[in-house]
Amino acid sequence: MDDRSAGLDKAIEAIKIGVSDPERNQLHIELDQFLDWLEPMLGVDTGDQEGLLFSHDAVNVLREDSPRQSDPAEIQEAAPSFAGGFYLVPKIME
């Protein structure tokens, strides 16, 4: 068993979900394809390049955040639904 296969087997074991043998084989194939695609990029020497936090020169135009005392009743009134000390939100999954 090579390092890639061992790594995938450890990952499958760690996530604690059932994976059938055909699914495991397909995952091995897809992981090998991804790593083959990634390998040339990992070989590029970027040692003399400065790291980037963002890929653009945009400036943050958001307001400065300033802490302030809030009124719980005001926050509850602004909430779409509030009951029993909890903010109620709509379901996103059935």
Check on residue 77, of a type in the set (Asp, Glu), exposed (fewer than 10 other Cβ atoms within 10 Å of the Cβ) and within 18 Å of residue 4 (Cα to Cα): no
Restricting the stretch 28-58 to residues that are closer than 30 Å to residue 10 by Cα and β-branched (Val, Ile, Thr), the residue that is surrounded by the most Cβ atoms within 10 Å (Cβ to Cβ): 29
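What number of residues in the stretch 20-39 are closer than 15 Å to residue 6 by Cα and not basic (Lys, Arg)?
Summing the residues that are closer than 15 Å to residue 6 by Cα and not basic (Lys, Arg) in the stretch 20-39 gives 10.
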The stretch 80-94: number of residues that are surrounded by 10 or more Cβ atoms within 10 Å (Cβ to Cβ) and of a type in the set (Phe, Trp, Tyr): 2
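Read the figures in this text as sums done on the coordinates, not as results from a lab. Keep in mind that what you see is a predicted model, and the values were worked out from it rather than measured. Please note: Cβ atoms are built from the backbone with ideal geometry, for glycine as well, and neighbour counts cover all protein chains shown.
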